[in-house]
Amino acid sequence: MNRRMIFGLMVIAAACADPDIPPQQSADDRIEASDPKEHVVETLPWIVAAAHPYAAEAGAQILRKGGTAADAAVAVQATLGLVEPQSSGLGGGAFMLYYDAQSGILTAYDGREFAPASVKPDVFLREDGTPMGFIDAVTSGLSVGVPGTVALLEKTHKEHGQLAWPELFETPIILSRDGFSMPQRLHYYAGRLAALREEAGAAIYFGKDGAPVPVGGTVMNAAYADTLSLIAEEGSKAFYHGPLADAVIARVNRQTGEDTLTREDFADYEVEVRNPVCTDIQAFEVCSMPPPSSGGITLLQIAGIFEATGAHGSPEDHLLSYVEATRLAYADRGRYIGDPAEMGTETLSADQLTRALVSPQYLAGRAALISDGPLEKVEPGSPAGPLIKEGRADGDPYERPSTSHFSIRDRYGNIVSMTTTVEFAFGSQMMAAGMVLNNQLTDFSRVPEVDGRLVVNAPRPRKRPLSSMTPVMVFDDSGAPYAAMGSPGGPAIIGYVARPLLAHLLGGETFSEAMVRPHIVVPRGRVIVETGGDSVAEDLRLKGYDVMVRDLSSGIYGFVLGKDGIDLLVDPRREGVALIGRDEK
């Protein structure tokens, strides 16, 4: 098993095996965890777990200098945008949970992209009223939202950082100019996307023969180095009010032939500070991201329904309860969750609806629907009255698997859990200023209304699309931080996190052991079991489920701060690492 337990104060780099390449592309309101005095402990072991060794080391360099988790997050993300551009970057968006050890407060930062003023509800409908095909929508230019990652990094650095902003970009700038070794996953995805080969800025990923640079070959991105240098010098002003905004706007509008993106769109972007969504599982408090992420609500619904069935063990021990809990949770997801500005009604706020969706009473009622076999028809519930249920229709986003995640703890005890994305592999397949541009607007529902009923996740100007990103932070019964983790994987992210988390918290398994076992996900109604889980798949078929067995590609990165040591979470399906150390001053 890929168990990695760290005892004492050793400094260890935990690298995973070569990744299994998937066969397809697939407010200032804050929550106090407890008395902050209980958490202020200097020179704790720092930890950084990220999806690529270059990114983890860039973060470790900042932590060794005495930087905070917020400081290190800047270096990690700037580096991921260079070496893992197919998954995340400065041209995309992110959600961050930040635990401040001095105050004991957990804050949810929403750096999700939003739609430009030009977006209309029917943006992805053809003239005949049918939805565009996925690739057509992705590469149309209409899918690019105003990026939020740079604003998120700058805001969190201003509130929680310690080192100088320019210092955080030194390593990724050097890597961009001098070159880095072509990673296996970047090589794989570059070779699969025809539109990327036609993109001028993507020429750096290909050789003179038109084939992707071989694994281990050198890739340089001078344009990205210039972009990082400008952001290091001028901050987000350069990105949202200067030449970088102009570069992105020009590239998108060249594709669309109209003023799809404007300077005003970029100037209007703001990071939202929101309440984390939390619930108790056994003696632990589990917190995640609120809407526009569906990840937190859906994760907590799965856990709450599963536990309410009386299941006290791993999902594999209670397969039917777990699958039905997941199906019921995803039904609510499609009906109720989206941008908070759209979730509420005249009599119900988005926060009230969120609380209703994760209330123990509501989840117990959903659990009561589960019996000895699969439900013939899985429908959304009525968490706040039947009028809401009947007044809305289910959304249908394009949403595909991609994304990245990293988790960081600094020597002061501050913790970051951040999930970050450009949506599809290489986003919109367009680049500007060395950055891959997102296709995040395809996370809106393809159809804005059904039979006259509105879809909460319909496209609209300045609106943020639904997301499955599920950064997680767990606190123990004393209120102290216990774990941080998350994963990429599109709509399957929630299941990637839920199954091992429940196996750990309810089944008593080590998280790092639970996460390497085959996943069981139900992202769009059909049960999918990861290759290698043949016995689980057969058990589910015997229970009456239609089961697909195929390769899945989670990428869980994080840590569990157990009493016996630190369990580093490094998903062997990808190419990331976790680094840990203690540096005295």
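The values are calculated or read from the model by the stated rules, or taken from the named source; none is laboratory data. Given the structure is predicted, the values throughout are model-derived calculations rather than measurements. Reconstructed Cβ throughout: ideal geometry from the backbone, glycine too, with neighbour counts over all protein chains shown. Surface accessibility is based on the protein's heavy atoms, side chains included, excluding ligands, DNA and RNA. Shrake-Rupley method; radii C 1.70, N 1.55, O 1.52, S 1.80 Å.
In segment 166-259, a dipole from Cβ-located charges (positive for Lys and Arg, negative for Asp and Glu) runs towards its positive end, and of GLY235, GLY207, ALA247 it is GLY207 whose Cα lies farthest in that direction. Of the residues MET289, THR279, PHE266, the one whose Cα sits farthest toward the positive end of the charge dipole of segment 265-319, with +1 on the Cβ of Lys and Arg and -1 on the Cβ of Asp and Glu, is THR279. With the largest listed first and rounded to whole Å, the semi-axes of the equivalent ellipsoid of segment 267-307 from the Cα gyration tensor are 26, 11, 4. Sorting 205-211, 407-413, 549-555, 104-110 by average packing, meaning the other beta carbons within 10 Å per residue, from highest down gives 407-413, 104-110, 549-555, 205-211.
Is segment 135-277 best put as rounded, prolate or oblate by its Cα gyration tensor, with a ≥ b ≥ c the root eigenvalues, rounded for a/c under 1.5, and otherwise prolate when a/b is larger than b/c, oblate when not? Spell out each step's value before the answer.
Details: a/c = 1.87, a/b = 1.23, b/c = 1.53.
Verdict is oblate for segment 135-277.
Computed from the C-beta positions of LEU542 and ARG64, the FRET efficiency with R₀ = 51 Å rounds to 0.45. Between LYS237 and ASP280, the FRET efficiency estimated from the beta carbon spacing at R0 = 45 angstrom works out to 0.60.
Since only SER87, THR531, PRO172 are under comparison, the one whose Cα sits farthest along the positive direction of the charge dipole of the chain, derived from C-beta charges on Lys, Arg, Asp and Glu, is THR531.
Rolling a 1.4 Å probe over the heavy atoms of the protein chains gives the chain an accessible area of 35 Å² per residue. Is segment 404-546 rounded, prolate or oblate when judged by the Cα gyration tensor, a ≥ b ≥ c being the square roots of its eigenvalues, rounded requiring a/c under 1.5 and prolate requiring a/b larger than b/c? The shape class here is oblate.
With N residues in segment 299-443, what two-decimal value do you get for its Cα radius of gyration over 2.2 N^0.38 Å? Write down the numbers at each step before the final one.
Details: Rg = 18.5 Å, N = 145, 2.2 N^0.38 = 14.6 Å.
Ratio of Rg to 2.2 N^0.38 Å for segment 299-443: 1.27.
Work out, in µm²/s and without decimals, the Stokes-Einstein translational diffusion coefficient of segment 94-169 at 37 °C, 0.692 mPa s, Rh from Kirkwood over C-alpha pairs. Intermediate results must be reported in sequence, preceding the final value.
Details: Rh = 15.5 Å.
Approximately 212 µm²/s, per Stokes-Einstein.
What label, among (1) 23, 59, 18, 0; (2) 17, 50, 28, 5, 1; (3) 20, 50, 27, 3, belongs to P(r) over Cα pairs in 20 Å bins from 0, in percent computed from the structure on display? Matching entry in (1) 23, 59, 18, 0; (2) 17, 50, 28, 5, 1; (3) 20, 50, 27, 3: (1). The convex hull of the Cα atoms of segment 374-446, projected and averaged over all directions, covers 9.8 nm². Only Lys, Arg, Asp and Glu carry charge here, each on its Cβ (+1 for the first two, -1 for the last two); on that basis segment 291-361 has a dipole of about 60 debye about its Cα centre. Summary value for segment 145-292: 24 percent relative contact order, contacts being C-alpha pairs under 8 angstrom separated by 6+ residues.
For GluC sites (Glu not before Pro), the sites in segment 237-306 that DSSP calls loop and that have at most 15 other Cβ atoms within 10 Å are GLU258, GLU270. A straight Cα-to-Cα reach below 22 Å connects LYS377 with the lysines LYS389, LYS543, residues fewer than 8 places away in its own chain not being considered.
Once you have a ≥ b ≥ c as the square roots of the Cα gyration tensor eigenvalues for segment 500-563, tell me rounded if a/c is under 1.5, and otherwise prolate or oblate according to whether a/b is larger than b/c. Prolate. Strictly over 23 Å apart at the Cα level, which of LYS158/LYS463; LYS155/LYS563; LYS158/LYS237; LYS120/LYS237 would you flag in this model? In this structure, LYS158/LYS463; LYS155/LYS563; LYS120/LYS237 lie more than 23 Å apart at Cα. Restricting segment 512-585 to GluC sites (Glu not before Pro) that sit in a DSSP loop and have at most 13 other Cβ atoms within 10 Å of their own Cβ leaves GLU584.
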